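Here's the structure we're looking at; comments come further down.
Every number in this text was worked out from the coordinates using simple rules, so none of it is lab data. As the structure is a prediction and not an experimental result, all values here were calculated from the model. Every residue, glycine among them, receives a Cβ derived from its backbone with ideal geometry; neighbour counts consider all protein chains shown.
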Amino acid sequence: MTALEALRTLRERWWILLAASILAAAATFAYVKAPWVEARWRSSVLIQATGRLDYGNFLALEKELRPLAEQVRQLGIMREVDRNLHTDLSPSLMLDHTRAEPVQDSGQVRLDVEDSDPRRAEQLSLEIADVYTRQHNAIEQGKLREERVILSVLDRSNEATLIWPQTRILVPAAALLGLLVAGLVVLGIVFLDDSIRSPADVRQYLDLPLLGMIPRHQVLPVRTTSSVTPTTQAELHNPVAPPTTSARR
């Protein structure tokens, strides 16, 4: 099958591709709106590290920021956050929903908290950052000034964003996937079908001259019409007596 034949096949069966694309998009939209699909929201907070890092090079910055990011994820911090906010989440579950990664170019630590409630995600991200910075800075006060690394929470918006399900991405992607799958199925069926359906197929596959075509015989339904006229029907209902003959003497 050449590319031109494949394109012609898809053009002739465009309604199959359209139906598959619409069905895939509708099924995906119904799934993301189903009550059992739990939405996931993410709130992010930036923690700035200052101190000795300002005078170090890139390697020193990388070595310092990674341990600082790892120290955020501690059960002790999550327990204090739970005592402050009185959430219905356990500290271990809160810890599983928290991520911290260093931002190497700016000397910052990015703190991400995911939750099914956007408002709670925002509260947790701010409280975790505040608790961690207070504990860390209290420990750093016992060190020499040139060895201190002071953390501060940047005053940035931590508005939660929806990360799952993203309807604007999933529905078009499902429609495109349905279109591709339907196209592959149509091309596969046509490729495996070795039937001869047109004069062009005879010339292409058999390489024989075409002398004529026999049209497909169609049996038309037979309509039975009554040949009995209204006059005949009246005679059948009212029979006439046979004529009598008389003779004179």
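Of the trypsin sites (Lys or Arg not before Pro) found in segment 124-215, the ones in coil according to DSSP and having at most 12 other Cβ atoms within 10 Å of their Cβ are Lys143, Arg156, Arg197. Remark: the Asp96-Ile163 segment gains 22.5 nm on full extension, using 0.36 nm per residue and subtracting the alpha carbon distance. Taking a ≥ b ≥ c as the square roots of the eigenvalues of the Cα gyration tensor of segment 117-225, is the shape rounded (a/c under 1.5), prolate (a/b larger than b/c) or oblate? It comes out prolate by the Cα gyration axes.
Note on Ala19/Gln141: beta-carbon distance plugged into 1/(1 + (r/R0)^6) with R0 of 45 Å gives a FRET efficiency of 0.05. Once the chain from Arg66 to Glu5 is taken as fully extended at 0.36 nm per residue, the excess over their C-alpha distance is 16.2 nm. Segment 26-51 and segment 160-213 have Cα centres lying 36 Å from one another. For segment 1-150, the Kirkwood hydrodynamic radius from C-alpha pairs, put into Stokes-Einstein at 25 °C and a viscosity of 0.890 mPa s, yields a diffusion coefficient of 129 µm² per second.
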